[in-house]
1. Aspartates and glutamates near C:K222 by alpha-carbon distance under 15 Å, same-chain residues fewer than 8 away left out - which ones?
2. Around B:A120, with a cut-off of 14 angstrom between Cβ atoms, what is the net charge of the other residues, counting Lys and Arg +1 and Asp and Glu -1?
3. Taking just the alpha carbons, could you work out the radius of gyration and Dmax for the protein assembly as shown, both in angstroms?
4. How large is the charge dipole for chain A, taken about the Cα centre, if only the Cβ atoms of Lys, Arg (+1) and Asp, Glu (-1) carry charge, to the nearest 20 debye?
5. Taking the Cα centre of chain C as origin, sum charge times position over the Cβ atoms of Lys and Arg (+1) and Asp and Glu (-1), and report the length of that vector in debye to the nearest 20.
6. Would you mind checking which residues have amide H under 5 Å from A:G67's amide H? H placed 1.01 Å from N; only 5 or more apart, or other chain.
7. Of the options A:M179, A:V326, B:H261, report the single residue whose Cα projects farthest towards the positive end of the charge dipole of the protein assembly as shown (beta-carbon charges: Lys, Arg +1; Asp, Glu -1).
8. Say we join alpha carbon atoms closer than 10 Å with springs in a Gaussian network model of chain C; which of C:T245, C:T235, C:T146 then has the biggest fluctuation?
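The values are calculated or read from the model by the stated rules, or taken from the named source; none is laboratory data. Only a predicted model underlies this, so the values are computations on that prediction, with no experimental measurement involved. All Cβ positions, glycine included, derive from the backbone under ideal geometry; neighbour counts span all protein chains shown. We work out accessible area using only protein heavy atoms, side chains counted, and drop any ligands, DNA or RNA first. Shrake-Rupley method; radii C 1.70, N 1.55, O 1.52, S 1.80 Å.
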Amino acid sequence: MAEQQNDKRGAGKVQPVPEQDFSDYAGLMVIVEQRAGVAKKVSWQLLGEAKRMADKINAPVYALVMGHNVRHLADEAISRGADKVYLCDSPVLEQYRTRPYSRVSLDVIRTYKPEIVLVGATYTGRDLAGAIATHLPTGLTADCTQLDVDENRVLHASRPAFSEKMLATILCKQYKPQMATARPGVFLELAADSTRKGEVVSVSSPMSEAEVVTEVLDFLELTDRINMEDHEVIVAGGKGLGNAEGFKLLQELADALGGVVGASRAVVDMKWIDHDHQVGQTGSTVRAKLYFAIGISGAVQHVVGMQNCDVIVAINNDPEAPIFKVSHYGIVGDLYNVVPAIIKAVKEKRGLPFAANTANG
Amino acid sequence: MATERFDAIIVGAGPAGSAAAYTMAKAGLKVVMIERGEFAGAKNIFGGVLYRKQLEDVIPEFWQEAPVERRVVEQRMWLLGKDSVVTMGHRNEAFKEPTNAWTGLRVKFDQWFASKAEQAGSLNIYETVATELIREGDRVVGVRTDREDGDLYANVVVVADGVNSLLGQQLGIHREWNPDQVSLAVKEVIALPKEKILDRFNLEGDEGVTTEFIGQLGGMMGLGFLYTNQETVSFGVGVMVNDLKRTKIRPYELIENVKQHPVLRKLLQGGESKEYAAHLIPEGGLHAVPPLSGNGWVVCGDAAQLVNFVHREGTNLAMTSGLYAAEAIIEAHARGDFGKQALSGYDRRVRESFIHKDLKKYQGLHGLLKEIDSNLFDKLPEALNSAAFQMLMIDGVSKAEKQKMAIKALREAAGGTANLIKLGLKGWRAMNG
Amino acid sequence: MHIVVCVKQVPDSREIRIDPNTNTLVRQGVPAIVNYYDLHGLEEALRFKDEQGAEVTVISMGPPSADKALKQCVSMGADRAILISDRAFAGADTLATSYVVSKTVEKVAQEFGPVDVVFCGKQTLDGDTGQVGPGVACRLDYEQLTYVEKVVEINDQAKTITVHRHLEDGVEVVKTKMPVLITALSELNKPRRASLPGVINASRYKPIVWTTNDFADLDRAKIGLKGSPTIVSKTWVPEPRKIDTKMIASGEAAAIASELVAALWSTELPTRLGW
Ligand SMILES: Cc1cc2nc3c(=O)[nH]c(=O)nc-3n(C[C@H](O)[C@H](O)[C@H](O)COP(=O)(O)OP(=O)(O)OC[C@H]3O[C@@H](n4cnc5c(N)ncnc54)[C@H](O)[C@@H]3O)c2cc1C
Ligand SMILES: Cc1cc2nc3c(=O)[nH]c(=O)nc-3n(C[C@H](O)[C@H](O)[C@H](O)COP(=O)(O)OP(=O)(O)OC[C@H]3O[C@@H](n4cnc5c(N)ncnc54)[C@H](O)[C@@H]3O)c2cc1C
Ligand SMILES: Nc1ncnc2c1ncn2[C@@H]1O[C@H](COP(=O)(O)O)[C@@H](O)[C@H]1O
């Protein structure tokens, strides 16, 4: 079975590497993730962070764009901070598959020798980064929430450990490139600047379709699967809602504010709402402009996912609830009393119509 | 597989179960012990005093290896007034060698004890609940558990499942509790730096102290306790369930209120609460002890109501009863007969032991407590405190006058002289009669 | 069909606390459990075994005490358990771990028959990287299917497998050829509770233990601390963000609401959000 096919299989078995000289490695590279020609936000967030670090050590910023018909993303990468973009545009990259994507990445990394490689800690990003790091081989720090580089160009990749109770800074001094995946929603992207100049270098895919054994048969887009990271206003509810019905009220507030509903894990576990809405350590990390935490106690695992929002409002009937410590505005009261009043006030302020069946108080 | 038979099944890996399993396994019997917790002791609580004598009978020199906390060198008894305390106590170096008692924590201790049984050859099965007894006619032949294909068969079942004994109920030896027959204990383990513990309780090295107190329990009949461990203290109160119902105070509020007492507050200051748990204590006494064995079964420890609540002894009675049950089963095993008659050796051992004698000594107490108005548990200590205060306060009032005032206050607290005398006599008889 | 399930024993992270005085982890007394996601991998393997017949081998690299985790897997129905344990493996990061785990899978294939599917968990509760799975797949040169929430079909004849991969914005239906490494999500299934005979069997089971000496061609430079490129330079407890909370505590709901709305409208929010 497998043995005879090995030679045909893409990246092939990991070979031992001889002692290497890494002195010619330079620059920071971000691997841009896209689906159907649309880049994931985290890619630009990482470019923003890479640019910040690059300026510190006076190094170039590279982007690696892979896909089919994705030339426009190379331009966008430049507008978002890349000095040079390696572009592999090939039908075999139409859909993400580990082998062809890791082959291209390995070729580019080995040829152009970036010193630091950053990948978004998405499902696809983690899949790819894990493969690349093993093949190179090099160290890979997962799921970072803080990145920095020192004067010796050592990457200080910091990530939560032990259920977010601690942060750990991880270094990889003996190998290059230094690799990290980093969480969506944590870093800030640069505003697109179309006047920025940069170079686009085309590379070809070393693998052809015939060599790839994995097929993507279908992609079932989940329209109700929402990406919390993408939203600027989040109205999150917790166990204090008392029942699943409570989310209807929160949805109404979210609608009035132009936002979406989020949730604590406790209510996701009770199946009051889908997991995609969960904010926190095992859910999404969000950086919304406005975040309501309603009937949420403020357990550290929840807080790590929302503490970086610009304005946080907490509503809780327990004045001692820890959520107040991380909130800009704290309202002590029964949410079923306060929220309808807020909905009403917001609608009045914004001149929105009142639905006939609205619970306004 | 399903037909595998054991010599004995022990239900419950508390002190009673582990003592029985250890003893039988060591004697070469094929035993299996079923425990519903994730591990032995996972959910078990007690105040925290472990006695040497009875465990030594099961495992000589156990203290060399058992996870005990501190050697108890002093026992204090406090009567709390609102902002005051009348103290009594006894401290004695002689409690050290041989050690009379240690403080302990069940999570560690039960785990260790069950592992001793395992090392001796017992098959310990966790996260498994015994749901019913399997019988053939009037003979118990095994237990059903909540796992798939969960029936187990054995010659004898040792029921050691604690105060709420489900299996005891099925045997018909465990009555439904009345709220006045059972007390609820709530306990907190509070972490304090070791130096603070040594300092605040006047201790050195592994010395420990126990404190029991009454009064200031919101008008409830009950007892509070505070025991020193290595780096924690065990703090809790036990009150009658009917009092809780009557006063509508929640157990957690109660413990929080009591903590605010100035004397206790200073001892607990800066501590960090590590666990909180509640547990029932049978207050049954001798008259509540059921038959201890029958056709193919024995019952030990709390499941058999073997506790001496006056002296907060329970684990020791549990262990001794487990040991005796094991010895009787080993004898029965040798004869190949596990009927009612054959197992009655266990009943006999208990009857001839300190267990029976101690429980007998206090058998009147339960009746007495039933008659007393719960409020007395606050009023009397308060009256004693104010009497002490009066006597010690130098304010120009003559001593004779003060004595009169004190006696008057006590009498009033008890609801009249007749009552006070009656109470005193009854108490005396209950404790000594 | 031969399925290997990789499991790791981890401290139950829910129970880990930070000592507020020393800012260090309190691991004492923290129970060890089988990494939650790994059990979902095991369950999937066992379901396949129940339905179509398969041999299930569980492997774990860890200290001797990890045999408890392996026994739990045996109690659920795994046929064989192997503990890879040696001081020399200690201090491994994901690169070194994936090396040893892949070597173990190779040795398992040699000794107990070719391997068709390897299951890993999505990630561990302690390491929390999700990198070991892809690493093992690369080293074995297996296809890798990560974040699998449903196994649609395993065709033992054609040696193909079709799964649903969970992504942020949808579900990808992917088909590939065996041998394959799958990383399991908790959506995959509900791990079974062991039967009583299973528990009894497991408590008597002795896992096979392999040390470095049991491997013919282990490269010592690639294991343990030496084989780990990453080093933890420091750990710290993050300072909570300092915030001046403005409490809107008293009054009628309507008054509270209008105070909040006034406060929100006094910020940049309405302009930035286009209210
Ligand atoms: C490994 C791990 C990962 C985790 N990951 C996450 C994660 O990603 N996200 C997450 O959220 N959690 C996570 N948790 C769980 C977390 O620890 C908490 O259990 C959870 O956040 C609690 O949810 P809650 O605040 O909704 O519920 P609770 O803690 O029960 O709080 C409910 C709150 O509602 C208040 N309340 C009740 N009634 C009312 C009312 N009528 N009006 C106003 N207020 C009311 C109460 O005072 C209380 O503060 C994780 C835990 C672990 C161990
Ligand atoms: C607050 C408090 C303070 C106390 N203080 C002291 C003290 O200082 N000193 C002292 O000596 N005694 C003290 N006691 C009494 C002592 O704790 C008990 O008498 C003793 O634990 C009884 O042991 P046991 O083995 O009979 O029962 P338990 O210790 O209750 O053990 C029963 C075991 O059976 C398990 N179990 C129950 N049902 C099932 C089932 N259906 N299937 C499987 N497993 C099951 C339980 O999980 C438990 O592990 C105190 C008790 C309390 C509540
Ligand atoms: N020491 C180990 N032994 C066996 N399998 C492991 C080990 N460490 C990690 N794994 C597997 O790799 C998965 C991902 O681990 P991690 O990369 O540490 O998040 C786990 O869910 C396990 O299936």
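1. Partners within reach: A:E19, C:D86, C:D93.
2. Details: positive: B:K26, B:K30, B:K116; negative: B:D7, B:E65, B:E118.
Residues close to B:A120 contribute a combined charge of 0.
3. Considering the protein assembly as shown through its Cα atoms, Rg and Dmax are 34.2, 111 Å.
4. Details: 38 positive and 44 negative charges, 77 e Å.
Value, rounded to 20: 380 debye.
5. On the way: 32 positive and 35 negative charges, 139 e Å.
For this selection, approximately 660 debye.
6. Residues meeting the amide H criterion: A:C88, A:S90.
7. Checking the options against the dipole of the protein assembly as shown, the answer is B:H261.
8. In the Gaussian network model the winner is C:T245.
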